[in-house]
Amino acid sequence: MIKEMLSGSLIDTEYSLNDDNNLSVNWKKFLRFVKNNVSTHIFRTWFIPIKPIKYIDNELLVEVPSQFYCEWLDEHYYDLIKTGLTKFFGENTKLKYQVILDTNQPETSRIKIPSSNALAQEQVRINALQKLNYNPNLAPNYTFDNFVVGDSNEFAYSSCLAIAKNPLQTKFNPLIIYGNTGLGKTHLIQAIGNFILVNHPNVQVLYSTSENFANNFIDAIKNNNMNDFMQLYRSVDVLLIDDIQFFQNKGKIQDHFFHTFNTLHQAGKQIVLTSDKAPKELKDLDERLISRFQWGVLAYIEPPELETRIAITKKKSENEGLELPVDVIEFIAQNVTSNIREIEGVIISLVAQVAIGNKKPNVDLVREILRTKHIRSSKILTIDKIKNAVSHYFNVDPNDLESKSRKKELVVPRQLAMYISKELTNSTLETIGKHFGNRDHSTVLHAINITERNLLFDERLKSAYEYIIRKLI
Ligand code: ADP
Ligand code: MG
């Protein structure tokens, strides 16, 4: 599984690349370059997991977690990677991807063995499912079409859509979607099921919460029909299990889930799971299960950034037949920040107040609704607020952060303020530069790099940084 990519012409080769130390130095520079050109979420999802292995004869070998990474990186970040390689590794650097393969993975799960009486078996399976009153358990309103995509959920969305389009290909199996509550995990996992029902009617898909799985299991023991239980879950082509954190501390049920998982996985069937925590943070989950999860792909959903929240607010209110003024949409999106279910709740209350209470949908009404729902207006971070917090800490005038002065007592806070602005706002280097006396983006980049390095060994700077961040968020 090795893929090649050729970089363009030479721009700047600063180091000879003949030892590991240079590899890691150049890799760090490459990462820093990437970090400054993509959002933090994308950087964490796609670039942090890459491990440089060796650089020999213009060839940089890196390890990535799955084949899907190579394809995604090539498709979305080809130009960026190419520029970075040329800049930090040299002309005509070839990138080779090596996919980590889990040696514990049984061969059978990777290779589908065609069976001579496959058709007959298929019929037996479908009969069994019919006898069991098979019902996919899906709510029809969770679809890909009404899911708003942004940086924070793009990877999860794309992986789910890829599975829904080719449910029998099992390129990444299992897919595990994880993230906090109210961020769209149930929506996405059910969207896979709904898409399959419409586009692949012969593919048997089953959605279940892990709680439902557990209840079915307990009922099966009570009613003495364990075979039906096992057959139902083990006969489907695509198994969607929501909220696996519920399996924590449930030994016997976990055991059955483990066996179901293995049976399906080895038969080349697709499994998708969701969790509110990263799998390795799930307490008391069988090590065997956790190690099985490593065969697959992890998709983390972060809280949505402002633009996505605006798009969601707009879409949801339109769905409710309510046309909202732009300032109201923005006010909701700026104040309800961490949970999309809460955005929906605010819109539903707003619709009710407008329809029944005959009120105008304006910012005051939204403020009132937020108060009754106990949603704290969140702090909106702007570059100006960051400048104020930093100058307050260092006891300097905020206007001095814009000045051209090179005095040390101004340079350090100015650079730190730029660094924090990049970290905590969605601003580009250009925008940050504008707020600091119209400096250009390379100056901002320089400030960020210097601060990042100094934070590693300058304890006083580090504690200033930590104090200011605590004040800001
Ligand atoms: P989770 O399972 O992560 O707790 P849900 O999938 O139940 O969250 O999402 C909560 C609500 O927010 C649902 O009604 C869902 O339709 C909606 N929702 C979440 N993310 C999005 C999105 N990106 N676009 C549209 N609606 C969304
Ligand atoms: Mg859910």
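The values are calculated or read from the model by the stated rules, or taken from the named source; none is laboratory data. As the structure is a computational prediction, the values presented were derived from the model and not from experiment. Backbone-built Cβ (ideal geometry, glycine too); neighbour counts: all protein chains shown. For the accessible areas, the whole protein counts, side chains as well, though only heavy atoms, and no ligand, DNA or RNA atoms are used. Shrake-Rupley method; radii C 1.70, N 1.55, O 1.52, S 1.80 Å.
Go through the residues of segment 299-311 one by one and say whether even a single one is more than 30 Å from Val328 (Cα to Cα), away from ligand 2 (no atom under 16 Å from the Cβ) and not acidic (Asp, Glu). Within segment 299-311, not a single residue is more than 30 Å from Val328 (Cα to Cα), away from ligand 2 (no atom under 16 Å from the Cβ) and not acidic (Asp, Glu). For segment 307-335, the tally of residues that are out of contact with any Ser or Thr (no Cβ under 8 Å at 6 or more places or on another chain) and touching a residue at least 12 places away in the same chain (Cβ under 8 Å) stands at 18. Inclusion of Ser7 among residues that are open to solvent by 30 Å² or more (accessible area, probe 1.4 Å), over 16 Å from Leu445 (Cβ atoms) and either in contact with a Lys or Arg (Cβ under 7 Å, 6 or more places away or on another chain) or at pLDDT below 60 (or both) is not warranted.
Checked against (1) touching a Phe, Trp or Tyr at 6+ places or on another chain (Cβ under 8 Å); (2) within 16 Å of ligand 2 (Cβ to nearest atom); (3) open to solvent by 10 Å² or more (accessible area, probe 1.4 Å); (4) under 17 Å from Lys269 (Cα atoms), Leu232 meets all criteria but (2). Scanning segment 326-350 for residues that are surrounded by fewer than 18 Cβ atoms within 10 Å (Cβ to Cβ) and either modelled with pLDDT of 95 or more or β-branched (Val, Ile, Thr) (or both) yields Val326, Ile348. Among all positions in segment 204-218, there is at least one residue which is in contact with a strand residue (DSSP E or B) (Cβ under 7 Å, 6 or more places away or on another chain), touching a residue at least 12 places away in the same chain (Cβ under 8 Å) and part of a helix (DSSP H, G or I).
From the list Leu381, Leu416, Leu324, the one residue that fits, being part of a loop (DSSP other than H, G, I, E, B) and over 29 Å from Leu188 (Cα atoms), is Leu381. So for segment 82-95 (the condition being part of a helix (DSSP H, G or I), exposed (fewer than 14 other Cβ atoms within 10 Å of the Cβ), modelled with pLDDT of 80 or more and touching a strand residue (DSSP E or B) at 6+ places or on another chain (Cβ under 8 Å)), does at least one residue qualify? Checked against the condition, which is being part of a helix (DSSP H, G or I), exposed (fewer than 14 other Cβ atoms within 10 Å of the Cβ), modelled with pLDDT of 80 or more and touching a strand residue (DSSP E or B) at 6+ places or on another chain (Cβ under 8 Å), segment 82-95 yields no hits at all.
When you scan segment 17-31, do you find a residue that is at pLDDT 85 or above, in contact with a strand residue (DSSP E or B) (Cβ under 9 Å, 6 or more places away or on another chain) and not in a helix (DSSP H, G or I), even just one?
No: zero hits.
For segment 28-59, a residue qualifies if it is crowded, with 18+ Cβ neighbours inside 10 Å and in contact with a Phe, Trp or Tyr (Cβ under 6 Å, 6 or more places away or on another chain), and the qualifying residues are Phe30, Val34, Lys35, Thr45, Pro52. Within the set Thr181, Thr186, Thr274, the sole residue that is at pLDDT below 95, within 16 Å of ligand 1 (Cβ to nearest atom) and of a type in the set (S, T, N, Q) turns out to be Thr181. Of the candidates Lys222, Lys252, the single residue that is part of a helix (DSSP H, G or I), open to solvent by 60 Å² or more (accessible area, probe 1.4 Å) and out of contact with any helix residue (DSSP H, G or I) (no Cβ under 9 Å at 6 or more places or on another chain) is Lys222.
With respect to (1) open to solvent by 50 Å² or more (accessible area, probe 1.4 Å); (2) under 27 Å from the mean Cα position of the chain (by Cα), the lone exception for Asn438 is condition (2).
Go through the residues of segment 257-267 one by one and say whether even a single one is crowded, with 21+ Cβ neighbours inside 10 Å, within 16 Å of ligand 2 (Cβ to nearest atom) and either at pLDDT 90 or above or under 18 Å from the mean Cα position of the chain (by Cα) (or both). No, the conditions are met nowhere in segment 257-267.
If we keep just the residues of segment 153-203 that are hydroxyl-bearing (Ser, Thr, Tyr) and touching a strand residue (DSSP E or B) at 6+ places or on another chain (Cβ under 9 Å), which is nearest to Ile310 (Cα to Cα)? Among residues in segment 153-203 that are hydroxyl-bearing (Ser, Thr, Tyr) and touching a strand residue (DSSP E or B) at 6+ places or on another chain (Cβ under 9 Å), the one nearest to Ile310 (Cα to Cα) is Tyr157. Within segment 313-354, which residues are within 16 Å of ligand 2 (Cβ to nearest atom) and not charged (D, E, K, R)? Hits for segment 313-354 are Ser338, Asn339, Ile340, Ile343, Gly345. Scanning segment 162-213 for residues that are among the hydrophobic types (A, V, I, L, M, F, W, C) and more than 16 Å from ligand 2 (Cβ to nearest atom) turns up Ala162, Ile163, Ala164, Leu168, Phe172, Phe195, Ile196, Leu197, Val198, Val203, Val205, Leu206. If you go through segment 300-323 and keep only what is out of contact with any Gly (no Cβ under 8 Å at 6 or more places or on another chain), open to solvent by 20 Å² or more (accessible area, probe 1.4 Å) and hydrophobic (A, V, I, L, M, F, W, C), you end up with Leu306, Ile310, Leu322. In segment 151-203, of all residues being in contact with a Ser or Thr (Cβ under 6 Å, 6 or more places away or on another chain) and without any contact (Cβ under 8 Å) to a residue 60 or more places away in the chain, the one that is surrounded by the most Cβ atoms within 10 Å (Cβ to Cβ) corresponds to Ala191. Total residues in segment 391-406 satisfying the condition of being surrounded by fewer than 10 Cβ atoms within 10 Å (Cβ to Cβ) and closer than 21 Å to Arg460 by Cβ: the figure is 2. Assess whether Asn388 counts as being in a helix (DSSP H, G or I), open to solvent by 40 Å² or more (accessible area, probe 1.4 Å) and touching a Pro at 6+ places or on another chain (Cβ under 7 Å). Considered against the rule, which asks whether it is in a helix (DSSP H, G or I), open to solvent by 40 Å² or more (accessible area, probe 1.4 Å) and touching a Pro at 6+ places or on another chain (Cβ under 7 Å), Asn388 comes out as yes.
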